[in-house]
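Undergrad: Just passing along the structure, written as structure tokens.
The values are calculated or read from the model by the stated rules, or taken from the named source; none is laboratory data. None of these values were measured; they are calculated from a predicted model. Cβ placement follows ideal geometry from the backbone for every residue including glycine, while neighbour counts extend to all protein chains displayed. Quick note on the areas: whole protein, heavy atoms, side chains included, nothing else; ligands and nucleic acids left out. Shrake-Rupley method; radii C 1.70, N 1.55, O 1.52, S 1.80 Å.
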Amino acid sequence: AGRAAGLAEPHPKAPPPRSAPPASWTSAPLTSARTPLFDLRELTPAPPPSAVALTIDDGPHPVYTPMMLDVLAENGVKATFSLIGSQVRAHPKLVERIAAAGHQISNHSQTHPSPFALIGRDRIRREILEAKERIENAAGYSPKFFRSPGGDWSRYIFDLCRAEGMMPIAWNIDPRDWSRPGTAHIRRSMLAAKAGDVLLCHDGGGDRRQTIDALRTVLPELKKRGLTFVAL
């Protein structure tokens with residue numbers, strides 16, 4: 001009758017985003033003794049004593065993210081990808097592939113402005129919330145972690161993360177691979193990792209072949225030492 005009268009049918013409501021996957025060692029929510037998180041030993045529930053976390057920033061990239069995913073799969077490593085919203089919008093199928101492979105996804109802002117804490121509260125809010133929405137649309141769940149561009153933080157960013165249900169995450173092993181310092185330099189820096197460390201590298205923002213080449217050696221070597229890679 002409604003159609004006959006020319007009335008529009010109501011649009012079905014979109015299903016709410018499902019929950020983000022739990023950390024690879026526990027199904028319980030994570031809390032950190034320090035904000036932002038720098039070291040896995042600050043987490044509750046505690047990860048395995050041998051745990052390290054590989055975090056991968058600035059993607060998804062149409063060339064280097066698939067290469068990164070292949071290297072991780074070859075070595076049986078789960079990682080945490082910090083994604084830029086504009087890249088998510090451009091490459092949603094890659095986000096689906098990251099999620100389907102069992103990796104964790106973190107919010108890394110919409111456009112990666114820097115210095116992030118100085119762009120003003122209104123823009124900070126837009127950057128975080130727009131990227132969150134893009135990730136929800138592509139991955140099917142809302143990210144529960146946020147990494148500030150350049151590791152630049154403020155009290156307002158911490159408060160907004162808390163209000164949006166996201167844990168701020170940092171790192172303590174940084175090979176500065178974004179600057180393309182050479183495969184050997186990246187490899188040496190990452191091989192310094194020890195239990196509890198959060199390792200930073202990149203699959204976006206430029207040519208990442210040095211990073212991927214380094215990881216071909218780093219991942220099996222760290223596993224051989226008895227370290228266990230976990231996704232947050």
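Undergrad: Compute the acute angle (0 to 90°) between the alpha-carbon long axis of helix 64-74 and the principal axis of greatest extent of the alpha-carbon atoms of the chain; round to the nearest 10°.
TA: Helix 64-74 and the main axis of the chain meet at about 60 degrees.
Undergrad: Count charges around P62 for me, please; just the other residues with Cβ under 15 Å from its Cβ, Lys/Arg as +1, Asp/Glu as -1.
TA: 0
Undergrad: Would you check the stretch 40-229 for Lys pairs whose C-alpha atoms are within less than 30 Å, ignoring same-chain pairs closer than 8 in sequence, and give me the count?
TA: 14
Undergrad: For T44 and D207, FRET efficiency with R0 = 41 Å and r from the beta-carbon atoms, rounded to 0.05?
TA: The pair D207/T44 has a calculated efficiency of 0.60.
Undergrad: Testing the spin-label approximation: label points 7 Å from Cα along Cα→Cβ at D122 and K224. State their distance in nm.
TA: Once both label points are built, they end up 5.6 nm from each other.
Undergrad: Once you charge only the Cβ atoms, +1 for Lys and Arg and -1 for Asp and Glu, what is the size of the charge dipole of the stretch 40-229 about its Cα centre, to the nearest 20 debye?
TA: Working: 26 positive and 21 negative charges, 56 e Å.
With only Lys, Arg, Asp and Glu charged at Cβ, the dipole is about 260 debye.
Undergrad: For the full complex of protein chains and a 1.4 angstrom probe, list K144, K78, K132 by accessible area with the highest value first.
TA: K78, K144, K132
Undergrad: Further question: With a ≥ b ≥ c taken as the square roots of the eigenvalues of the C-alpha gyration tensor of the stretch 64-106, please select rounded if a/c is under 1.5 and otherwise prolate if a/b is larger than b/c or oblate if it is not?
TA: The shape class here is prolate.
Undergrad: Compute the accessible area per residue over the stretch 40-229, keeping the other protein chains in place, probe 1.4 Å, unit Å².
TA: Heavy-atom accessible area per residue stands at 41 Å².
Undergrad: Taking P(r) over Cα pairs in 10 Å bins from 0, in percent straight from the coordinates, which label in [x] 8, 29, 35, 23, 6, 0; [y] 8, 33, 36, 15, 4, 3, 1, 0; [z] 8, 34, 38, 19, 2 is the correct one?
TA: It is the value labelled [y].
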